[in-house]
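Asker: My questions will all concern the structure given below.
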Ligand SMILES: Nc1ncnc2c1ncn2[C@@H]1O[C@H](COP(=O)(O)OP(=O)(O)OP(=O)(O)O)[C@@H](O)[C@H]1O
Ligand SMILES: [Mg+2]
């Protein structure tokens, strides 16, 4: 299954969630490839700052050829996660075309809700022209709410606001937690550090929800 994390808006959590979804899948015994689609190379930097042996592979493709390269690259892997770049349209389009599922991280703020229109339009555009890319499967899409302040109800508000775009939202939210930034700096992840922490549990629940909701509907 090929999953990309995309949003034209910067800093919404594409890289953080890519790394954490990849880590969680890898720790559950899956073979995982993470493609860094951003010239900034944040996921590659994360891998380089790691002291332990890698639990999944990370490669960089920040070009609009991702959809052409993925079928060959995906061989031998159960999951390919694509960390998308902000702003760069042609790379984002290529990542969408490569994917079974595009996840759109959105922070609970009206600015993020408005800004999501860009990536929603892009996904709809690629879906309409999908025959020129890949004619044999549909692309699922979902929002994932990131950086919800613990014990606040703002996640529900943002989910309501996002419903205007006609894409579903994952039921499990990711909260604002220092562990995400702390583990990133060490080239590790909250699930490796402590799978039973609040952060470890919520990312595990997100991954379970993704698999339950989307993997069986996709033909590999
Ligand atoms: N749930 C969270 N809790 C705490 N900090 C977070 C969370 N999600 C992301 N961050 C922090 O927010 C910042 C931006 O996150 P990240 O780099 O993942 O976003 P991005 O969408 O990949 O950005 P860019 O568009 O620049 O690639 C980072 O410093 C990251 O550590
Ligand atoms: Mg990033």
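Asker: So residue 155 clears everything in (1) at pLDDT below 95; (2) surrounded by 15 or more Cβ atoms within 10 Å (Cβ to Cβ); (3) out of contact with any strand residue (DSSP E or B) (no Cβ under 6 Å at 6 or more places or on another chain) except one condition, right? Which one?
Answerer: Among (1) at pLDDT below 95; (2) surrounded by 15 or more Cβ atoms within 10 Å (Cβ to Cβ); (3) out of contact with any strand residue (DSSP E or B) (no Cβ under 6 Å at 6 or more places or on another chain), the lone unmet condition for residue 155 is (3).
Asker: Sticking with this one: Quick one: in segment 43-57, which of the residues that are within 15 Å of residue 188 (Cβ to Cβ) and under 16 Å from the mean Cα position of the chain (by Cα) is farthest from ligand 1 (Cβ to nearest atom)? Spell out the reasoning first.
Answerer: Of segment 43-57, the ones within 15 Å of residue 188 (Cβ to Cβ) are 43, 45-56.
Now narrow it down to the ones that are under 16 Å from the mean Cα position of the chain (by Cα): 43, 46, 56.
On the way: 43: 8, 46: 10, 56: 17 Å.
In this case the residue turns out to be 56.
Asker: Within segment 182-208, can you find the residues that are in contact (Cβ under 8 Å) with a residue 60 or more places away in the chain and within 16 Å of ligand 2 (Cβ to nearest atom)? It would help to see each step written out before you state the result.
Answerer: Filtering segment 182-208 down to residues in contact (Cβ under 8 Å) with a residue 60 or more places away in the chain leaves 184-192, 195, 203-204, 206-207.
Correct list: 184, 185, 187, 189.
One line per residue, one yes/no per condition, for (1) surrounded by fewer than 24 Cβ atoms within 10 Å (Cβ to Cβ); (2) within 13 Å of ligand 2 (Cβ to nearest atom); (3) under 21 Å from residue 140 (Cα atoms):
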{"site": "8", "(1), (2), (3)": "yes, yes, yes"}
{"site": "12", "(1), (2), (3)": "no, yes, yes"}
{"site": "27", "(1), (2), (3)": "yes, no, no"}
{"site": "34", "(1), (2), (3)": "no, yes, yes"}
{"site": "37", "(1), (2), (3)": "no, yes, yes"}
{"site": "45", "(1), (2), (3)": "yes, yes, no"}
{"site": "49", "(1), (2), (3)": "yes, no, no"}
{"site": "54", "(1), (2), (3)": "yes, no, no"}
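Asker: Here's a follow-up. Can you pull out every residue in segment 161-176 that is surrounded by 14 or more Cβ atoms within 10 Å (Cβ to Cβ) and within 13 Å of residue 120 (Cβ to Cβ)?
Answerer: Hits for segment 161-176 are 161, 162, 165, 167, 168, 169.
Asker: Still on this structure, please answer the following. In segment 186-199, how many residues are farther than 21 Å from residue 44 by Cβ and crowded, with 22+ Cβ neighbours inside 10 Å?
Answerer: Residues meeting the conditions: 1.
Asker: Same structure again: List the number of the failed condition for residue 179; all other conditions in (1) away from ligand 2 (no atom under 16 Å from the Cβ); (2) part of a loop (DSSP other than H, G, I, E, B); (3) modelled with pLDDT of 95 or more hold.
Answerer: Single failed check for residue 179: (2).
The values are calculated or read from the model by the stated rules, or taken from the named source; none is laboratory data. Note that the structure is a prediction, hence the values are computed from the model and not measured. In this analysis, Cβ positions are derived from the backbone assuming ideal geometry, glycine residues included, and neighbour counts consider all displayed protein chains.
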